[in-house]
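Trainee: A single structure is presented below for examination.
The values are calculated or read from the model by the stated rules, or taken from the named source; none is laboratory data. If you're wondering where the values come from, they're calculated on a predicted model, not measured in any experiment. Don't worry about glycine lacking a Cβ; one is built from the backbone with ideal geometry, like all the others, and counts go over all protein chains shown. Protein only, heavy atoms only, side chains kept; ligands, DNA and RNA dropped before computing areas. Shrake-Rupley method; radii C 1.70, N 1.55, O 1.52, S 1.80 Å.
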Amino acid sequence: MSLAHVDPEIAELIKAEERRQADTVKLIPSENYVSRAVLEATGTVLTNKYSEGYAGKRYYEGQQVIDQIESIAIDRAKSLFGVNHANVQPYSGSPANLAIYLAFLQPGDTVMGMGLPFGGHLTHGWSVSATGKWFTPVRYGVREDTGRIDMDEVRALALEHRPKLIFCGGTAIPREIDFPAFASIAREVGAVLAADIAHIAGLIAGGAHPSPVGHADVISTTTHKTLRGPRGAMLMATSDEHATALNKAVFPGLQGGPHNHTTAAIAVALKEASTPEFSVYAHQVVANSRALAEELLARGFDLVSGGTDNHLILIDLTSKGVAGKPAAKALDRAGLETNYNTVPFDPRKPFDPSGIRIGTPSVTSRGMGEAEMRQIGAWMDEVVTAVAKDDAEDVIARVHGELSELTARFPAPGLA
Ligand code: DSN
């Protein structure tokens, strides 16, 4: 029986979310629209199957098909990113990063990562995360004058604290990551270097950002951001030794049965990401991000680091006289979906910070280009300026109306 028949309430809510996603200009930089093919693979009978272990060495029978699917996903990951080993089983980014700790550290060992308020991730040793509670965290940030990572500071901290593991990458970094510089520091102090490329995996796959391969010892990524796959993650390595440690950490160290429906959808997404069209997409994501940043700068917005090299823009709204949360809420009501976000050296609290974080993966998946980015920048300015004057209702209603014409012109992939 169909979903609509068995559970009309949930079926209707899923339809409502489809409509919401279609009618919204999605600017959250960690989100995207997957293709119809990825969606199809996700909703399959593969969800019925247990397959703890790895291809050829499972703890359940009936793996004739699952082994093939997982092997195809692994081969595609290896070929796309140019690595010798890939594990496609991590349930998502945080479990993938936890596996890195289990593979290479003992409780209490020192980990160095970018502080959360500067653009790092919770799992890079932030205090509220298990990684900050069970390990000894050391944090680097960005320079207050440039908004960029200071590699001299990273090196000095590494020499002082001798971490066993160093993370580079994060969740709110608008600039290119200098993988060779991180690798040189990690080698100097004998640390494992983990590149968390969750945000930029699609840009790397498409040749629009330098790759950490040849520099980082291990690479972790989610599969659902710029890579445009299902919600899932992968771990990659070049050396056999690192790969063996990661595999043991994922299973049996942290996880049970892999989510085979997700593995199949990851395989499909990796196939899509190896096409010339995806490379064009990845470069357009960056071109759109730059165009949007230019429009915002021209309209007096204060961008952390002064701009962007990738898919992401971090805006400090202090100079506009409004905090991140009311701005994000007003923008959402106008149909512009963003997330409020801490900015470096933010005097405000994380749940009511000074900034918003935006990005162009989703709007680029809809086929929008630089002209549309300039229009989006103009709408953002109108809404934020009106919120600052506490007089936003008419502007929100007007922008929402104008924006409907844009979303109708650029249908979202995967949606009806
Ligand atoms: N929650 C993700 C993001 O939005 O960047 C990171 O895990």
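Trainee: Under 8 Å between Cβ atoms, which residue pairs at least 6 apart in sequence (or on different chains) link something in the stretch 349-371 that is more than 16 Å from Gly414 (Cα to Cα) and without any contact (Cβ under 8 Å) to a residue 60 or more places away in the chain with a partner that is open to solvent by 10 Å² or more (accessible area, probe 1.4 Å) and of a type in the set (Val, Ile, Thr)?
Mentor: From the stretch 349-371, the pairs are Pro353/Thr342; Ser354/Thr318; Ser354/Thr342; Gly355/Val304; Gly355/Thr342; Ile356/Thr338.
Trainee: Do you know which of the residues in the stretch 151-166 that are open to solvent by less than 10 Å² (accessible area, probe 1.4 Å) and in contact with a Leu (Cβ under 8 Å, 6 or more places away or on another chain) is farthest from Pro350 (Cα to Cα)?
Mentor: Applying the filter and picking the extreme gives Leu165.
Trainee: Among the residues of the stretch 221-250, which ones are open to solvent by 30 Å² or more (accessible area, probe 1.4 Å) and either over 15 Å from the mean Cα position of the chain (by Cα) or among the aromatic types (Phe, Trp, Tyr) (or both)?
Mentor: Thr238, Ser239, Asp240, Glu241, His242, Thr244, Asn247, Lys248
Trainee: Anything in the stretch 128-161 that is closer than 27 Å to Ile358 by Cβ, basic (Lys, Arg) and outside any loop (DSSP other than H, G, I, E, B)? List them, or say none.
Mentor: Once the filter is applied, which keeps residues that are closer than 27 Å to Ile358 by Cβ, basic (Lys, Arg) and outside any loop (DSSP other than H, G, I, E, B), the stretch 128-161 yields only Arg139.
Trainee: Only one of these conditions is not met by Pro276: (1) touching a helix residue (DSSP H, G or I) at 6+ places or on another chain (Cβ under 8 Å); (2) more than 16 Å from the ligand (Cβ to nearest atom). Which number is it?
Mentor: (1)
Trainee: Consider Ala191 against the criteria (1) open to solvent by less than 20 Å² (accessible area, probe 1.4 Å); (2) of a type in the set (Gly, Ala, Ser); (3) under 21 Å from Ala86 (Cβ atoms); (4) away from the ligand (no atom under 16 Å from the Cβ): it satisfies all of them except one. Which criterion is unmet?
Mentor: Looking at each condition in turn, Ala191 falls short on (3).
Trainee: Continuing with this model, one more query. Specify which of the listed residues (Ala22, Ala73) is outside any loop (DSSP other than H, G, I, E, B), open to solvent by less than 70 Å² (accessible area, probe 1.4 Å) and under 28 Å from Arg409 (Cβ atoms).
Mentor: Exactly one residue qualifies, and that residue is Ala22.
Trainee: Here is a follow-up. Being over 23 Å from His400 (Cβ atoms) and open to solvent by 20 Å² or more (accessible area, probe 1.4 Å) is the filter here; which residues of the stretch 345-369 pass it?
Mentor: Phe345, Asp346, Pro347, Arg348, Lys349, Pro350, Phe351, Asp352 - these are the residues of the stretch 345-369 that are over 23 Å from His400 (Cβ atoms) and open to solvent by 20 Å² or more (accessible area, probe 1.4 Å).
Trainee: Within the stretch 162-214, how many residues are in a helix (DSSP H, G or I) and touching a residue at least 24 places away in the same chain (Cβ under 8 Å)?
Mentor: Number satisfying all stated conditions: 14.
Trainee: Could you run through the stretch 251-284 and say how many residues are touching a strand residue (DSSP E or B) at 6+ places or on another chain (Cβ under 8 Å) and either in a loop (DSSP other than H, G, I, E, B) or open to solvent by less than 10 Å² (accessible area, probe 1.4 Å) (or both)?
Mentor: Final tally of qualifying residues: 1.
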